[in-house]
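Engineer: Here it is, the structure in full.
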Amino acid sequence: MEYNHLLIRYAELALKGKNRKDFELQLQRNIRHMLRDFPNAKVNRTHGRMFITLNGEDPEAISNKLRNVFGIQSFSFALKSASNEEDICETALAALRKSLPNEVGTFKVSARRAFKQFPKDSQTLNKDIGAYLLRNTESITVDVHNPDVELVVEVRKDATYIMCGEEKGAGGLPVGSGGKVMLMLSGGIDSPVAGYLAMKRGVEIEAVHFHSPPFTNERARQKVEDLTSILTEYGGPIRLHIVPFTEAQKTIHEKVPDHYEMTIMRRMMMRITERLAGEKEALAIANGESLGQVASQTLESMHTITEVTTLPVLRPLVTMDKNEVIDIAQKINTYDISILPYEDCCTIFLPPQTKTKPKRDRAAAFEESLDIEKMVEEAVQGVETKEIDGTLESDASVEDLF
């Protein structure tokens with residue numbers, strides 16, 4: 001007997017009150033999208049649970065997709081039976097044999113009655129199902145404290161589901177349940193991780209990348225597209241906005257003193273991202289800044305740079321050190337692409353010394369020589385938007401690109 005169902009347990013959304021249904025519906029939509037390559041699999045909700053009917057689809061392939069879906073606490077493959085004791089016992093035996101094919105080991109039964117009208121209570125079911133399993137196996141014994149297999153029997157009105165073991169989900173909240181955020185995606189290690197963590201809190205992201213040809217080449221752009229593609233594995237399709245930044249960057253380089261060049265450049269990026277956020281109805285900006293990691297990421301610098309926007313600026317990495325960020329990047333498979341040696345616009349025209357404690361009034365004074373509104377407008381008008389969903393766009397493998 002093959003697994004025919006999969007039971008999904010919720011993460012934080014199980015704690016939601018009157019809005020819980022909205023969170024569940026969003027999670028259901030996200031799962032359906034992630035399983036779009038498995039047309040026979042059906043996703044259904046019922047009484048605080050979500051089930052996937054496999055209909056012959058590959059259980060392992062589906063589980064690999066579900067591990068990345070935010071909002072899932074854990075999931076278990078299940079065998080479905082009718083809600084009568086005879087069928088439950090027979091199906092439980094089949095499930096146990098799947099988990100202990102050599103019929104050697106220990107088990108315990110954990111029955112739960114979601115359908116309270118079932119004639120036996122949970123404790124009686126535990127004993128009766130356990131006794132049936134012992135009668136029909138030879139070398140399998142009961143261990144209620146540390147079993148090799150915990151057989152979970154969930155009795156519901158329409159059917160009973162028997163599960164052995166569970167797999168950990170991604171946790172968090174369903175992507176799309178927390179509004180939209182513009183992610184400033186540079187192509188380095190930090191910003192993709194920031195995007196991943198923002199999505200874990202339920203936000204939908206649109207990515208903004210500043211591209212400065214000919215100083216940054218097409219490989220640098222492709223790198224960002226590939227990073228965005230990886231992020232879609234955790235949150236579905238992502239719009240990537242490529243902002244032409246060459247002229248703005250050259251103007252800033254010519255007219256702003258070296259030690260304030262990075263500050264003014266980042267203020268300009270913030271203004272452009274805010275403009276795009278308004279057009280796309282996003283409510284915040286997210287970036288990969290970590291406090292004190294580089295000269296431009298001091299509190300004084302953040303204070304001066306964020307002066308130019310009224311939107312909240314989310315910094316999911318603000319308290320992390322580099323090793324913590326790298327660990328997450330490796331876990332989500334962005335690290336190998338992030339370290340490819342293609343420069344982004346933040347590394348060109350890099351001044352020999354950057355002001356670590358820039359002042360707002362000084363930054364504003366240096367900007368008086370710039371036509372800020374014109375620079376923002378020209379950049380926004382030249383934006384190229386690309387919808388990315390799933391596969392890496394690059395023809396080369398990661399290894400080929402080194």
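The values are calculated or read from the model by the stated rules, or taken from the named source; none is laboratory data. Just so it is clear, the model here is predicted, and its values are computed rather than measured. We place every Cβ from the backbone using ideal geometry, glycine too, and count neighbours over all the protein chains shown. To get the accessible areas, we keep the full protein, side chains included, count just its heavy atoms, and leave off ligands, DNA and RNA. Shrake-Rupley method; radii C 1.70, N 1.55, O 1.52, S 1.80 Å.
Engineer: Which residues, counting only those in region 301-317, are over 17 Å from Val181 (Cβ atoms) and surrounded by fewer than 15 Cβ atoms within 10 Å (Cβ to Cβ)?
Structural biologist: Answer for region 301-317, where residues must be over 17 Å from Val181 (Cβ atoms) and surrounded by fewer than 15 Cβ atoms within 10 Å (Cβ to Cβ): His303, Glu307.
Engineer: Tell me, yes or no, whether region 75-95 has at least one residue that is in contact (Cβ under 8 Å) with a residue 12 or more places away in the chain, small (Gly, Ala, Ser) and farther than 25 Å from Val155 by Cβ.
Structural biologist: At the first step, the residues of region 75-95 found to be in contact (Cβ under 8 Å) with a residue 12 or more places away in the chain are 75-83, 85, 87-89, 91-95.
Checking the rest, the ones that are also small (Gly, Ala, Ser) come to 76, 78, 81-83, 92, 94-95.
From the residues that got through so far, the ones that are farther than 25 Å from Val155 by Cβ too are none.
Within region 75-95, not a single residue is in contact (Cβ under 8 Å) with a residue 12 or more places away in the chain, small (Gly, Ala, Ser) and farther than 25 Å from Val155 by Cβ.
Engineer: Same structure, new question: With respect to Gly278, determine if the residue is under 24 Å from Val193 (Cβ atoms) and small (Gly, Ala, Ser).
Structural biologist: Working: under 24 Å from Val193 (Cβ atoms): no; small (Gly, Ala, Ser): yes.
The answer is no for Gly278.
Quick grid of which residues meet (1) closer than 30 Å to Glu138 by Cβ; (2) among the small types (Gly, Ala, Ser):
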| site | (1), (2) |
| --- | --- |
| His5 | yes, no |
| Gly17 | no, yes |
| Glu24 | no, no |
| Asn30 | no, no |
| Lys42 | no, no |
| Arg49 | no, no |
| Asn55 | no, no |
| Asn68 | no, no |
| Lys80 | yes, no |
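Engineer: Let me ask you something else. Pick from Leu314, Leu276, Leu283: which is in contact with a His (Cβ under 9 Å, 6 or more places away or on another chain), closer than 30 Å to Met34 by Cα and assigned by the TED database to the domain that holds Ile189? Show your work before the answer.
Structural biologist: Details: Leu314 fails: in contact with a His (Cβ under 9 Å, 6 or more places away or on another chain); Leu283 fails: in contact with a His (Cβ under 9 Å, 6 or more places away or on another chain).
So the residue among Leu314, Leu276, Leu283 that is in contact with a His (Cβ under 9 Å, 6 or more places away or on another chain), closer than 30 Å to Met34 by Cα and assigned by the TED database to the domain that holds Ile189 is Leu276.
Engineer: Right, another one. Can you spot a residue in region 147-165 that is of a type in the set (Gly, Ala, Ser) and within 20 Å of Asn4 (Cα to Cα)? Walk me through it before giving the result.
Structural biologist: Initial filter on region 147-165 (of a type in the set (Gly, Ala, Ser)): 159, 165.
Remaining after also requiring within 20 Å of Asn4 (Cα to Cα): 159, 165.
For region 147-165, residues of a type in the set (Gly, Ala, Ser) and within 20 Å of Asn4 (Cα to Cα): present.
Engineer: Another one. Please enumerate the residues belonging to region 125-165 that are open to solvent by 60 Å² or more (accessible area, probe 1.4 Å) and closer than 30 Å to Asn44 by Cβ.
Structural biologist: Glu150, Lys157, Asp158
Engineer: Taking region 1-39 as the search range and keeping residues that are outside any helix (DSSP H, G or I) and among the small types (Gly, Ala, Ser), which one is least open to solvent (accessible area, probe 1.4 Å)?
Structural biologist: Keep residues of region 1-39 that are outside any helix (DSSP H, G or I), which gives 1-11, 16-19, 35-39.
Pick out the ones that are also among the small types (Gly, Ala, Ser) and you get 11, 17.
Details: Ala11: 13, Gly17: 61 Å².
Residue satisfying both the conditions and the ranking: Ala11.
Engineer: Considering region 46-67 alone, what residues qualify as being open to solvent by 40 Å² or more (accessible area, probe 1.4 Å), outside any helix (DSSP H, G or I) and farther than 26 Å from Arg113 by Cβ?
Structural biologist: Those that are open to solvent by 40 Å² or more (accessible area, probe 1.4 Å), outside any helix (DSSP H, G or I) and farther than 26 Å from Arg113 by Cβ: Asn55, Gly56, Asp58, Arg67.
Engineer: Applying the selection to region 363-378, what residues are in contact with a Phe, Trp or Tyr (Cβ under 7 Å, 6 or more places away or on another chain) and open to solvent by 30 Å² or more (accessible area, probe 1.4 Å)?
Structural biologist: Of the residues in region 363-378, the ones in contact with a Phe, Trp or Tyr (Cβ under 7 Å, 6 or more places away or on another chain) are 363, 366.
Within region 363-378, just Phe366 meets the criteria.
Engineer: Okay, next question. Tally up the residues in region 98-111 that are touching a Lys or Arg at 6+ places or on another chain (Cβ under 9 Å) and surrounded by 13 or more Cβ atoms within 10 Å (Cβ to Cβ), please.
Structural biologist: Residues in region 98-111 being touching a Lys or Arg at 6+ places or on another chain (Cβ under 9 Å) and surrounded by 13 or more Cβ atoms within 10 Å (Cβ to Cβ): 2 in total.
Engineer: If you don't mind, there's one more thing I want to ask. Between a residue in region 243-260 that is assigned by the TED database to the domain that holds Phe210 and any residue that is open to solvent by 40 Å² or more (accessible area, probe 1.4 Å) and among the hydroxyl-bearing types (Ser, Thr, Tyr), which pairs come within a Cβ distance under 8 Å, given they are 6 or more apart or on different chains?
Structural biologist: Listed pairs, sorted by first residue: Lys255/Ser369; Val256/Ser369.
Engineer: Could you name every one of the strands (runs of 3 or more DSSP E) located completely within region 123-207 that has at least 2 residues being within 14 Å of the chain's Cα centre (by Cα)? Please lay out each step first, then the result.
Structural biologist: On the way: elements: 139-142, 149-155, 160-164, 180-184.
Here the list reads 180-184.
Engineer: Inside region 68-97, can you point out the residues that are within 30 Å of Glu204 (Cβ to Cβ) and crowded, with 20+ Cβ neighbours inside 10 Å? First the steps, then the outcome.
Structural biologist: In the first step, residues of region 68-97 are kept if they are within 30 Å of Glu204 (Cβ to Cβ); the result is 68-77.
If the condition is that a residue be within 30 Å of Glu204 (Cβ to Cβ) and crowded, with 20+ Cβ neighbours inside 10 Å, then Val69, Phe70, Gly71, Ile72, Phe75, Ser76, Phe77 are the ones that fit.
Engineer: So how many residues does region 181-230 have that are touching a Phe, Trp or Tyr at 6+ places or on another chain (Cβ under 6 Å), surrounded by fewer than 22 Cβ atoms within 10 Å (Cβ to Cβ) and under 16 Å from Ile332 (Cβ atoms)?
Structural biologist: 1
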